[in-house]
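Please read the structure below before turning to the comments.
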Ligand code: N2P
């Protein structure tokens, strides 16, 4: 009798929202989750969440390779996750522990799995493209009707970049999202592994370099929204967040985003568990929570990226679902490529080309 009572009490405590149920340390991209998601999870589970952010796969990769990061859940892009899996820094994902895995978009997940050559690495959180965001008025003022607002040339042609330098041009500090697209701009396959083409892409970027305001991956959202920069290579959702912030501020800046006609990369950011994670049960609880249709839709409605979650679509703002820059049409999808996972030799070339570009040497 006493024992039953005790067990009932434990049960009540365990399901109570205020019951502290350990910790969970998350490391995710900046500007990549709705404002209330973490607070709601904490309130529901009592789990004490630490939430840190990064804006670069390279930064995440360095932390993961060093080990003992203390993180239980991280969100690498699939090609980086694949490399991390090869070196043993990420655990197998046990999908039987995620009831809401049924909500996943199996086609999108299959594309990511194919890129990684791995079925157990993790779940697509969001996916998107790399493209160009621009301030309509400022570009028209400087380039007139001939502004190539369908091409990488808006920024990668030094003649255009020079004319836009005064209103601010920026490029992501993300070699694996930028170099393949410069290669596509050169009319070559963006999914190449030919080192020579990466050198050629570096040469194009070095010519544009003098006209750039900066090379940075998270500064452009606010700067674009405030009119402090006028053209930038950005990730899809970040560009739309900038557009939404400008609209909200009613500051008169109209921001557009396009997928260049020469093609661009389609990437997948994956929820993954580091091999040395300490709070694995809580990581699974969080993944399951993130996979709920209402939670996933709330995140998309805030960050403007396409979801890996199909069940969420019923709750996603119809404007987002119908937006060709976020959920590209079948026609546009023909221009999208998925990059292969680079081996160590190509990775060295990529890093060398990139550091020459960023340091301006
Ligand atoms: C979120 C950027 C995530 C996209 N701000 C990079 N894959």
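Bear in mind these aren't lab numbers, they're just calculated from the coordinates by the rules spelled out. None of these values were measured; they are calculated from a predicted model. Here the Cβ positions follow ideal geometry from the backbone for every residue, glycine too, while neighbour counts run over all protein chains shown.
In terms of its alpha-carbon gyration tensor, segment 43-157 comes out prolate; a/c meets the 1.5 threshold, and the first ratio a/b outweighs b/c.
With the Cα gyration tensor of segment 234-285 giving a ≥ b ≥ c as the square roots of its eigenvalues, does the rule (a/c under 1.5 for rounded; else a/b larger than b/c for prolate; else oblate) give rounded, prolate or oblate? Note, shape of segment 234-285 comes out oblate. Largest mean-square fluctuation among 127, 29, 235, in a Gaussian network model of the chain whose springs join Cα atoms under 10 Å apart, belongs to 29.
Could you tell me how many degrees, from 0 to 90 and to the nearest 10, lie between the Cα long axis of helix 175-185 and the main elongation axis, the longest principal axis, of the Cα atoms of the chain? Approximately 40 degrees, to the nearest 10. Taking the fewest neighbouring Cβ atoms within 10 Å as the starting point, the ordered list for 152, 267 is 152, 267.
Here 68, 355, 307 are placed in order of increasing Cβ neighbour count within 10 Å, fewest first, which gives 68, 355, 307. Computed over all pairs of different Cα atoms, the Kirkwood value for the hydrodynamic radius of the chain is 21.4 Å.
With the convex hull of the Cα atoms taken as the outline of segment 154-194, the averaged projected area works out to 3.2 nm². Please work out the Cα center distance from segment 215-285 to segment 295-320, rounded to the nearest Å. Segment 215-285 and segment 295-320 have Cα centres separated by 15 Å. Under a Gaussian network description of the chain, with springs only between Cα atoms under 10 Å, the residue in 241, 115, 219 that fluctuates furthest is 219. Relative to the longest principal axis of the Cα atoms of the chain, helix 280-290 runs at roughly 60 degrees. Projected onto its three principal axes, the C-alpha set of segment 249-361 covers 47, 47, 34 Å, listed from the longest axis down. Let a ≥ b ≥ c be the square roots of the eigenvalues of the Cα gyration tensor of segment 201-262; is it rounded (a/c under 1.5), or, if not, prolate (a/b larger than b/c) or oblate? Verdict is prolate for segment 201-262.
Tell me the angle of helix 57-66 to the major Cα principal axis of the chain, expressed in degrees between 0 and 90 and rounded to the nearest ten. It is inclined by approximately 50 degrees.
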